[in-house]
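Please read the structure below before turning to the comments.
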Amino acid sequence: MGKLNERHALVTGGGSGIGRAIAESLMSAGARVTVTGRRLEALQSVSGANAVAMDVTDETSVIEGIDAAREAFGPVQICIANAGIAEGASLARTDAQMWRRIMATNLDGAFHTIRACLPDMDDWGRVIAVSSIAGLKGLKGASAYTASKHGMIGLIRALAADHLGRGVTFNALCPGYVDTAIVTDNTSRIMARTGMSEADARDVMIGQNAHRRLIEVDEVADAAIWLCSDGARSVNGQAIQIAGGQY
Ligand code: NDP
C-alpha cells in the first residue's frame, strides 16, 4: 500500500492529459481514484480507476457524479479540479458564447466540483485546482482563459482562508505549456490563423516556457502527489508555478 493509504481521490478530466497522469500517480501512491469527464470510453481506459461520466458545467451532473463516486469508494478526501478547456482569442474575437463556455468549464466547473466534495472532508482533505500560469499573469490573446484561471486561484485562496486550522488544504497548480491535446489543438489554431508550419507554431508555445521545452504531464502529477502528502500539510492557499520560473 502506498502512502496515500487508500484515500479516495476524485480527478475531473481524469481521462486524458494532466488529469490522467495525476490519477495514475495517485493510484501508484495507494489512493483509490475516481476519474470523471464527459467521454466515458476515455475514462474506462484508465486502468484501476472508477470511471464516472459527468459534465462539470452542469451542477446536477456533478452532484450525481460525485454521489456515484462515493457509492464506489466512500467519501472524497482528495479533490482534483482539473477539467478545463483552452480557447485562445483576443477580446474582439471572444463572443459571449465563447466567454461563457470557458468560464462554465474552467471556473464554474471548479466551483461545482469543490463545493460537492467539500462536505466529505472533515479533519483531513486536499483540494487542488489545476489552474495555469495564465492564472498569475496575462496570457496574450487569451482573455477569457486568463480570467477563468485567475478566478480559480481566487477561489482556492478564499477557501484556504475560510477553512484555516483544519486538516484540509487548498492549493492551485499553475503549469506553463504542457504536452497534451491542448497544445496540439493550439498548434492547429495557430497554423490556421498564421499559415505557420507545425514546428513554428509549436515553437510559439515552447518559446514561452522558461526552459524552452514543453512540460511533461508527470511534472504536474508529481507536484499534486506532494501536495497530497503529509509533508505538505502546512502548504495552504498557494498557487504553485510549474513553468520553469517563467513568471
Ligand atoms: P486535456 O484536453 O487532455 O484535458 C482536459 C480534460 O477536461 C479532458 O479530460 C476533458 O474530458 C475534461 N473536460 C473538458 N470539458 C469538460 C466538461 N464540460 N465536463 C467534464 N470534463 C471536461 O488537456 P490538459 O490535460 O492539458 O488540461 C487539463 C487542465 O490543465 C485544464 O484545466 C487546462 O486548462 C490546464 N492546463 C493545461 C496546460 C497545457 O499546456 N496543456 C497548461 C496549463 C494548464 P472530456 O472531453 O471527456 O469531458
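The values are calculated or read from the model by the stated rules, or taken from the named source; none is laboratory data. What you see is a predicted model; the values in this text were computed from it and never measured. Reconstructed Cβ throughout: ideal geometry from the backbone, glycine too, with neighbour counts over all protein chains shown. SASA here: full protein model, heavy atoms, side chains in, ligands and nucleic acids out. Shrake-Rupley method; radii C 1.70, N 1.55, O 1.52, S 1.80 Å.
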If I fit a long axis through the Cα atoms of helix 217-228 and take the longest principal axis of the Cα atoms of the chain, what angle between them do I get, 0 to 90°, rounded to 10?
30 degrees
Ranked packing of 200-210, 27-37, most packed first, by mean Cβ within 10 Å
27-37, 200-210
Solvent exposure ordering (accessible area, 1.4 Å, most first) of Lys140, Lys3:
Lys140, Lys3
Please list 127-139, 153-165, 80-92 highest first by mean number of surrounding beta-carbon atoms within 10 Å per residue.
127-139, 80-92, 153-165
For the Cα atoms of the chain, what angle does the longest principal axis make with the long axis of helix 59-73, in degrees from 0 to 90, nearest 10?
50 degrees
Using alpha carbons only, how many degrees (0 to 90, rounded to 10) separate the axis of helix 181-194 from the longest principal axis of the chain?
20 degrees
Given a 1.4 angstrom probe, I'd like the percentage of the accessible area of the chain that is carbon and sulfur, rounded to a whole number.
49 percent
Placing each pseudo-label 7 Å from Cα in the direction of the beta carbon, Ile63 and Lys3 end up separated by a distance in nanometres of 3.7 nm
Using the basic label-point model (7 angstrom from Cα toward the beta carbon), what is the Arg189 to Glu71 distance in nanometres?
3.7 nm
Need the list of aspartates and glutamates near Lys3 for cross-linking: C-alpha distance under 16 angstrom, and skip anything on the same chain fewer than eight residues off.
Glu24, Asp222, Asp230
Debye calc, one equal point scatterer per Cα of the stretch 112-205, no solvent, log10 I(q)/I(0) at q = 0.10, 0.11, 0.17 1/Å comes to -0.38, -0.44, -0.79
So, in nm, how far is label Asp200 from label Asp123 when the simple model puts each one 7 Å beyond its Cα toward the Cβ?
6.2 nm
Once Rh for the stretch 145-247 is found with the Kirkwood sum over Cα pairs, what is the Stokes-Einstein diffusion coefficient at 10 °C and 1.306 mPa s, in µm²/s?
103 µm²/s
Project the alpha carbons of the chain onto their principal axes and report the range along each, largest first, in whole Å.
52, 34, 33
Could you work out the Rg to Rh ratio of the stretch 1-89, with Rh taken as the Kirkwood radius (inverse of the mean 1/r over all Cα pairs)?
0.97
Extension reserve of the Glu216-Arg166 stretch, reckoned as 0.36 nm per residue once the Cα distance is removed
14.7 nm
Ranked output for segments 187-198, 229-240 by mean other Cβ atoms within 10 Å, highest leading, reads 229-240, 187-198
Separation of the stretch 145-207 and the stretch 42-58 by C-alpha centroid, Å?
21 Å
With the 1.4 Å probe rolled over protein heavy atoms, the chain has an accessible area per residue in Å² of 45 Å²
